[in-house]
Amino acid sequence: MGTRSRTPVDSGDRSRKATARPRTNAPAGPHQNRQDLTDPRLQWEFAAAAGFTATLLGAALLDSARPVLSDGTALTLMTALVAALAWWSTWPGSVATAGCAWLMFNGFVVNGAGVLQWHGSADLLRLTVLFGTALAAALTRSLRLSFRRRRALTRWLQESPDHDAMFLRDSRITH
């Protein structure tokens, strides 16, 4: 009589499961691929979509107020919008939002009618301000979350019993 092998063999038959997979309660939504569920920031895919939508609406509002606002004031308002969006997104989402903001600002607020043109040093300044703001906001948020996690871990370690003493006590009992 032959013995059965316990190792699963892939014969192409998917009707039977060779091994049972443990069920996991994977979270759904913007945190599904991230291991740290305490991070409130959106993943870059969601942040880029939100950034595109928000900067498009912001550019439409700034374009309608173009006769009243100066270029510097309009850039300041778009920069504030980018900073707020970058605060709630990860690094790639912040960069995508800044890119969308520059395209919307250049196409609708500066030129009007969605025409993109390069204006030399003025566009370089706008690009630097928007990307710098997005990166600064993302860095500040990352540092804040990191310090908060470290503080919580330190507090947990201070409140937990002394694991080394328990290990030493248990090892003396068994030997």
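Nothing in this text is a laboratory measurement; each read-out follows from the coordinates by a stated rule. Source: prediction; values computed, not measured. Because the Cβ atoms are built from the backbone with ideal geometry, glycine has one as well, and the counts that use them run over all protein chains shown.
Can you tally the net charge around Gly99? Count Lys and Arg as +1, Asp and Glu as -1, for every other residue whose Cβ sits under 14 Å from the Cβ of Gly99.
0
Count charges around Trp87 for me, please; just the other residues with Cβ under 10 Å from its Cβ, Lys/Arg as +1, Asp/Glu as -1.
Cβ neighbours under 10 Å give a net charge of +3.
Sorted by average packing, counted as other Cβ atoms within 10 angstrom per residue and highest first, what order do 69-77, 50-58 take?
Highest-to-lowest ranking by the protection proxy: 50-58, 69-77.
Could you work out how much longer the chain between Ser142 and Leu124 gets when fully extended? Use 0.36 nm per residue separation minus the Cα distance between them, nm to one decimal.
Value of the extension gain: 3.8 nm.
Extending each Cα 7 Å along its Cβ direction at Ala49 and Leu153, get the distance between those two points in nm, one decimal.
According to this spin-label approximation, the distance is 3.2 nm.
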